[in-house]
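Laboratory data are not the source of any read-out in this text; all were calculated from the coordinates shown. The structure displayed is predicted, hence computed values, not measured ones. Virtual Cβ from ideal backbone geometry, glycine too; neighbours counted across all protein chains shown.
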């Protein structure tokens with residue numbers, strides 16, 4: 001029972017999660033694509049198994065340690081979608097002897113060093129910068145891409161798998177139209193590279209991932225692999241972008257009420273920056289906030305109050321929620337309030353305790 | 001050796017840490033005050049023992065679980081400086097049977113509920129809002145304070161210990177002058193309450209903590225207890241406020257270089273929002289950043305580059321550092337770069353792996 005929760009805990013609505021998983025899976029299957037979901041969002045073996053029950057076989061993670069976590073839980077096909085960390089090469093070789101392992105290169109100059117140290121079979125993805133400018137090969141420099149592929153050639157343990165992109169800039173897009181545009185422009189870049197390099201690499205694939213575009217686009221035609229991850233929970237950022245409805249959000253954080261300040265209509269909860277993270281966004285009135293308040297029902301499901309209420313400030317363990325007078329009257333010290341996070345990935349990384357409905 | 005580090009790790013300069021500890025201890029002793037350092041910054045048993053070696057006996061923590069962590073490491077006098085969480089009352093009673101435990105009330109209305117459930121001896125601190133408006137009793141409502149003290153009276157396990165304040169607004173202060181003003185105004189409030197309530201509670205104490213004021217003020221006269229914590233490491237926020245020198249900062253985060261983009265003079269490291277946190281501040285050019293780059297020497301000590309370089313962006317695991325052309329030439333994939341964090345408390349909460357020099 002939810003009543004047993006004493007400290008900040010993620011409350012996961014299993015039905016909503018499974019429904020989000022099926023939604024993304026249906027779209028990928030219909031498009032003849034394959035879902036390789038990103039597990040960095042939930043980082044949970046239990047949630048991972050819900051994907052497996054739906055037939056998912058390959059997954060994406062963002063660190064070597066996360067790859068080990070899921071290898072230990074029986075996953076056999078794991079892509080580390082993060083630029084290869086040469087300092088962890090022993091762990092990577094070790095992992096590659098246990099599972100089908102994918103690794104990523106995202107900039108020129110690393111390939112010769114990688115070529116010299118890989119001792120077990122790995123699939124190599126080249127990350128292409130389709131506009132986020134975080135990292136990735138500049139697609140206009142096909143010469144740099146070719147040099148990289150030439151540099152790894154002597155090492156027969158390294159198989160070039162294909163081109164991947166993460167359109168991280170879709171998270172800053174203002175509306176669904178802009179998100180769809182980011183998708184079509186990015187895919188165009190990948191398909192162009194595919195056309196250029198497929199004569200030499202006839203089996204190369206194109207891999208795409210980020211929840212805003214994958215939620216808003218219905219057809220993944222021509223994309224072999226979809227790597228979105230956030231959609232398993234969704235969050236307020238996705239909702240504000242139009243990538244999901246509030247009702248699709250499958251996770252809230254339960255936070256005990258520890259102080260009430262009716263004079264300024266503020267409630268203090270145990271649940272702060274070390275739980276929600278310091279990721280903020282703007283509420284409809286234009287003020288920054290760190291999450292939206294919901295009320296729990298005894299079975300752990302949550303309801304949205306008629307008037308939206310926001311986490312106005314966070315410090316290390318404190319969250320300060322601004323409420324209406326009527327809401328204040330309903331809330332007592334020791335109650336459990338729910339908070340819909342701004343960015344589910346960061347909150348789930350911080351709070352590892354799950355309460356599953 | 002620092003060369004063994006493969007993933008994001010805190011590198012702690014023990015000498016600097018111990019020197020910061022001694023500095024704060026000297027000031028409290030000279031003022032006839034007592035240091036009850038806040039351990040939420042480091043959350044490390046090892047660093048905690050450095051305090052114990054200097055004679056510190058009582059500590060402050062911000063959660064019941066942290067209290068247990070340090071109780072298990074032999075600490076016998078622990079204050080949880082966070083509004084009491086009634087949902088954890090069983091754990092609190094259990095802890096109170098093992099150590100001398102302090103708990104905190106920070107708003108009216110909670111005392112009657114607390115009175116009914118405390119079954120072991122605890123010291124009760126009342127948190128006073130001296131201007132941060134996070135939580136705490138409004139000092140102008142002495143009637144609410146008196147009601148609270150009356151409400152707990154029937155429970156003889158609860159001893160009223162005194163008034164505490166955390167001037168969290170000092171973190172937003174622009175200069176040392178403003179920080180000193182926050183200190184003197186806050187202390188004036190606590191001393192006034194002391195004068196009002198000491199006829200009934202002759203042994204009541206006044207407890208104060210926050211690193212900016214405690215670093216900049218030399219005399220803690222009249223304050224019985226100092227609860228600062230951040231000073232053990234210090235960080236860029238403290239440096240920018242004038243509370244420490246860059247050389248006093250005792251912790252950096254080691255981050256492996258995973259990609260280089262010389263065309264836009266950016267280095268990508270394994271070390272992002274789940275390591276540094278999303279706490280940002282402005283660099284001298286007015287742009288937001290998430291940390292300052294330093295170079296490690298083979299023994300793990302760090303040097304500041306002639307031209308300052310900043311972590312411009314972070315995503316979950318990626319950190320993007322903007323560097324000069326000359327710096328770019330020195331940096332190779334697989335190198336370890338150091339990052340001085342914006343807010344040491346959040347970074348240390350996220351990265352629990354310590355490498356101690």
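Of note:
- Take each residue in B:261-274, count the other chain C-beta atoms within 10 Å of its C-beta, and the mean is 5.
- Note on residue B:97/residue B:150: beta-carbon distance plugged into 1/(1 + (r/R0)^6) with R0 of 35 Å gives a FRET efficiency of 0.85.
- In this calculation the C-beta distance from residue B:76 to residue B:353 is compared with R0 = 41 Å, giving a FRET efficiency of 0.90.
- Every Cα-Cα pair of the stretch B:251-356 was included, and the share exceeding 18 Å stands at 42 percent.
- Gyration tensor verdict on the stretch B:1-92 (Cα atoms; rounded if a/c is under 1.5, prolate if a/b is larger than b/c, oblate otherwise): oblate
- Per residue of peptide B:107-113, the mean number of Cβ atoms on other chains within 10 Å of the residue Cβ is 5.
- Label spacing, shortest first and in nm, from residue A:116 to its equivalents in the remaining copies (7 angstrom along Cα→Cβ): 7.1
- Helix A:142-152 axis versus longest C-alpha principal axis of chain A: approximately 80°, rounded to the nearest ten.
- If you run the Gaussian network model on chain B, springs between alpha carbon atoms under 10 Å, then out of B:232, B:257, B:29 the most flexible one is B:29.
- Diagonalising the gyration tensor over the Cα atoms of the protein assembly as shown and scaling each eigenvalue by 5 before taking the square root yields semi-axes of 47, 30, 21 Å, largest first.
- For residue A:195, inter-copy label distances in nm, listed shortest first [label point 7 Å out on the Cα-Cβ vector]: 8.3
- Nearest 10 degrees, 0 to 90: helix B:176-197 Cα axis against chain B principal axis: 20 degrees
- Separation between Cα centres of the stretch A:131-208 and the stretch B:1-16, rounded to whole Å: 35 Å
- Here the chain A residue lying nearest the rotation axis onto B, judged by its C-beta and given with the distance in whole angstrom, is A:278, 2.
- Remark on the stretch B:255-298: ratio of C-alpha radius of gyration to 2.2 N^0.38 Å is 1.29.
- Considering only B:148, B:41, B:156, the mean-square fluctuation computed in a Gaussian network model of chain B, springs between alpha carbons under 10 angstrom, is largest for B:156.
- For residue A:100, the point set 7 Å out from Cα toward Cβ sits 6.3 nm from its twins in the other copies, listed from shortest up.
- The alpha-carbon positions of the stretch B:159-214 define a convex hull whose volume is 64 Å³ per residue.
- The angle between the Cα long axis of helix B:14-30 and the main principal axis of chain B comes to about 30°, on a 0 to 90 degree scale.
- Averaged over A:84-93, number of beta-carbon atoms from partner chains that fall within 10 Å: 5
- For chain B, built as a Gaussian network whose Cα springs stay under 10 Å, the top-fluctuating residue of B:260, B:336, B:124: B:260
- Scoring A:276-284, A:210-218 by mean Cβ neighbours within 10 Å over their residues and listing the highest first yields A:210-218, A:276-284.
- For the stretch A:14-233, the Kirkwood estimate of the hydrodynamic radius, built from every pair of different alpha carbons, is 17.5 Å.
- Placing one equal scatterer on every Cα of the stretch A:108-222 and applying the Debye formula, the log10 ratio I(q)/I(0) at q = 0.10 Å⁻¹ is -0.32.
- Helix-only arithmetic for the protein assembly as shown: the sum of -39500 (n - 2.57) across DSSP H runs with n ≥ 4, divided by the residue total, places the mean residue ellipticity at 222 nm at -9000 deg cm²/dmol.
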